[in-house]
Structures are given as C-alpha cells and as structure tokens.
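One structure below.
The values are calculated or read from the model by the stated rules, or taken from the named source; none is laboratory data. None of these values were measured; they are calculated from a predicted model. Note that we place each Cβ from the backbone using ideal geometry, even for glycine, and neighbour counts take in every protein chain shown. The accessibility values were calculated without ligands, DNA or RNA, using every heavy atom of the protein model including side chains. Shrake-Rupley method; radii C 1.70, N 1.55, O 1.52, S 1.80 Å.
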Amino acid sequence: MRAADPPSPRPAIRRAGPAAAGRPPRATTAILVIACTAQFMVILDVSIVNVALPAIRTELHLGTAGQQWIVNAYTLGFAGLLLLGGRTADLVGTRRAFLAGVTAFTLASLVGGLASGGPLLIAARAVQGVGGAVLAPATLTLIMRTFTEPAARTRAMGAWSAVMAAGGAVGGVIGGVLTEYAGWRWVLFVNVPIGAGLLAAAVACVPAAASAPAGPRRLDLPGAVSVTAGLTALVHGTIASETHGWGAPHVWGSFAAGVLLLAAFVAIEARVAHPLVPLAILRRRTLATANLLVLGMGAAAFAMWFLLSLYFQQVLGQSALGAGLSFLPGSLAIVVGAQVSTRLIARTGPRPLIVTGMTISTAGLLWLSRIGDGGTGGGGAGGGAGAYASAVLVPFFLATLGAGLSLMPVTAAATSGTAPAEAGLASGLVNSSRQIGGALGLAALATVAAHTTAARASGNAAGDLAAGYGRALLIASAFTACAALGALALPGRPRKSS
C-alpha cells in the first residue's frame, strides 16, 4: 500500500504504549513476540548445527572443508543478501518481506533435514541463509516502525537483542539434545513447526506496511550478486588454504576474485540509480564505526562457538548432549549481559557498555586460549569434566557475558538517528556486518586451528587439536580487543540541555 492511499481498517502502528494510535497494547505485544520469535529462529540456526557437525560428518562422509561449509553456506547466504533483504523490507513492505523470508527459511529447513548427501545439505543451508537474510531485517524494521517512542523502542530492542543473544547461545544446548535423542536431522526439522506458526501469526497480526515509499520499487540485484560472490570467494580461498597451502594458485586466485568482485560492488553502488547500499550512508561516523565493531565481534563469537563445540567432543570426549549442556553457562551469561545493558543504556549511552563488554570478552578469550597449553589438551575423554571446570567454565562465562553486554548497545548505535525509510537498510547493514565477520572469522580461525594442529603433530591427537583451538581463540581475543578500542570512537551520550 502506498503512503498516499486512504487509511485501511488495520492501520500501521505509529506509536507503542498507552497512546498507541488505532491499536491496543495487546496488538503491539503480539508484533513484538512475532518479531522476536522469528529472529530467534534465524539466529538459532547459526549455532544449532555446530554440536551436530561430528554426527553429520560421519553420516554424510564429509571432510573438514565440507564440515565448515555446512556452517559457512548459511552465514554467507545470510551475510551476502542481508543488505538486499533490508532494502526489500523498505521497498515492498515489511509484511511481504517477513512472509517471504519465513516461507523460504521453513522450506529450506525441511529439504536440509531430508538431505541424503553433503551437496544437497549445503545447498539447503545456503537457501536457509537467503530466507534469513530477508527475514532478519524485517523483524528489526517491524520493531522500529511499531515502537517509535524512545522508551518503548529501547525496551523492544532490548527484548529483541536478548532473544537474538539467547538464540545464538542456546543453539548448542538445543542442538545437543536433538542430536542425542532424535538425530542430527532434527536440528533442521525443528524450524518447520516454528515457521508454520510464524506464518499463521504474521498473517493474522502484522499489518500491511503503510510506510513503504511511493514510486519505483527496484532492487539492486547486480550489487547483491557481486557482494555475495565476492565474500564467497574470500571464504573459499581461506578454507582451501587448509589443503592447498597459502601459496597455491588456487587459493590466491580465489582471493583475487573476491577482491575484484567486492571492488565491482563498490563501483556498482557508486553508479546505480537505486543502490543496495547508498555509499553516502557510510559517511555517518556512528553507523560506520558500529558496523566495523560488529564485524570484529562477529568474527570472534562465531569462531568461539564453533571451536568450542569441536573441543568439547573431540578433545574432552563429550557426547553431543554433553557438549550442548557445556554451553549453558555461556547461554546464561549472554542473556544476563543483554538484560544489564538494556537497563543501563539510557543512562550511559552505548559507548561505555561496548568498551566494558569487549574488554571482558577479551579477557575471557585470552584465558580460553590456554586450553592448548597442555594440561587440558591431552586429557581425552577421561578428564573431560575436570578440564572443563578448570579451563573453560569461568573464561567462557566471561567471554559470553561481554558479548551480551555489547550486543544491544552496538545495534542501538548503528540504528540511532535512522529515518523510517532507511530502517531496513540500517538493520540490514548491522546484521550483515555480524554475519560477514562471522563467516570470514570462522573460515580464517578454523584454518589457523587446522594448520597449527597439523604443524604440531606430536602424536598426542587430543593435545594437537587443543593447541590448534587455543591458537585460534588467541587470535579471536585480538578481534575483541580491537572492538573495545574502536568503540572509543563512538560519540558519547548527548548531554541534556538545561
């Protein structure tokens, strides 16, 4: 519906709270629940598969690279098309984008769960990522257009951020339970009933967007294709270095193609009439800085969950369920951190919370990197519980607590001062940065771990694996340290005029 159309019997909400125009508080609550549930499902799939990877690898006869692509196919589809997904919500309406994203995500989950081979599973994961790329920005856009009063929006974004954090955190737990008792395919099948419920709820409760701009509705497909292909080439080159070596023509060819494609993306955005990312928006200091921070935070977080999942099962000898339960302290820490930041941000502004959170995460990751120092590396299955308690529990809690503290403030910083017509673009940018950082960070740090393990070759397989994971976590701590320093460039909390 265009902005000039007469109001329909179900007008879009302009204000959340007691003064909501034309819609009772129960309706705004329903929209918040729908948006948070959809975001939970999308983020859950980033981590739920991690614990199931050893079982998938065994049943489908995958190598190390195939194991990584099960994760990276999703994150690349998600990251590369999030910007297009964000613009889709702005141009065609939030409701249509939401319904399209849920449908694609649900159907791809069904196909992935039925896959009989690695290529089909990886393809289904990529389509899941595409569906998530349309759905995730629509959830944040829906919140920003529904909750316009600052206090109401802060509470809604706090709930959205906490649910997003919980989705990433409890994915390992849910994945462990499903893999142990129902089989790995249920880490994908679980999305089907959730997606069906979301479709029914969205049709009933989400209004047709009245704020989509009038005029031509064009999507920048060349920009979307070039940025997605460029990111895929960079990740492919990083993963290929594990088997071919960094100096192989195959590896450098992938890197060169990635750089050229990303340069083409910038050139396209500078010339196209309706760019995917108007380059002028990146001149906003707060938006650009926040997205760089999210890039580093995503690189560290995605790699940490992936590496610890393998460490729990391959070094400490835990079952899939045991590995999932080992993630519980981190799940709790993220939720606690998100709630604390939601309560404090109105008084402190985003900058202090991000600096504090990333500093805590850095300390936790530095401590975690000591899993490769020898004491826990050779314990195998016999010393799993003791090694976890002594070397993982506390630093893992710190690393995830810091992430929880930073998540909502950096999202708020990235979307602050955004016009309603650019809400989808801003949310797409911050989500893209997180997923791009996650895909590139995971590929790079998993490769570092593999190279370190191969170079060590001491005869103690568990110890060699632990050494590789420890080295990768050490580099992850450098990413969060850079994020802590970079957050100082964000503007401080504006002073109230007297």
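For segment 265-274, the condition of being open to solvent by less than 40 Å² (accessible area, probe 1.4 Å), on the phi < 0 side of the Ramachandran plot, modelled with pLDDT under 90 and among the charged types (D, E, K, R) holds for at least one residue. Taken over segment 321-330, residues that are surrounded by fewer than 24 Cβ atoms within 10 Å (Cβ to Cβ) and within 18 Å of LEU44 (Cα to Cα) amount to 4. Among the residues of segment 343-355, those that are touching a helix residue (DSSP H, G or I) at 6+ places or on another chain (Cβ under 9 Å) and open to solvent by 30 Å² or more (accessible area, probe 1.4 Å) comprise ARG343, LEU344, ALA346, THR348, PRO350, ARG351, PRO352, VAL355. Scanning segment 471-491 for residues that are closer than 26 Å to TYR74 by Cβ and open to solvent by less than 30 Å² (accessible area, probe 1.4 Å) returns ALA472, LEU473, ALA476, SER477, THR480, ALA483.
The set of residues in segment 230-260 that are open to solvent by 60 Å² or more (accessible area, probe 1.4 Å) and in a helix (DSSP H, G or I) comprises HIS236, THR243, HIS244, PRO249, HIS250, TRP252, VAL259, LEU260.
The listed residues are ALA299, ALA303, ALA288, ALA273, and the only one of them that is closer than 30 Å to ALA229 by Cβ and not in a helix (DSSP H, G or I) turns out to be ALA273. Residue pairs whose Cβ atoms lie under 7 Å apart, sitting 6 or more positions apart in sequence or on different chains, and linking a residue in segment 317-346 that is closer than 15 Å to ALA162 by Cα and without any contact (Cβ under 8 Å) to a residue 24 or more places away in the chain to a partner that is surrounded by 23 or more Cβ atoms within 10 Å (Cβ to Cβ) and not polar (S, T, N, Q), are LEU344/LEU353. Among the helices (runs of 4 or more DSSP H) confined to segment 97-192, the ones with at least 1 residues that are under 17 Å from THR411 (Cα atoms) and open to solvent by less than 20 Å² (accessible area, probe 1.4 Å) are located at 118-146, 150-181. Restricted to segment 390-408, and to residues there that are of a type in the set (Val, Ile, Thr) and part of a helix (DSSP H, G or I), the residue that is farthest from PRO350 (Cα to Cα) is VAL394.
If you filter segment 58-74 down to residues that are modelled with pLDDT of 80 or more and β-branched (Val, Ile, Thr), you find that the one that is most open to solvent (accessible area, probe 1.4 Å) is THR58.
Listed conditions (1) at pLDDT 75 or above; (2) crowded, with 19+ Cβ neighbours inside 10 Å are all met by LEU83, apart from (1).
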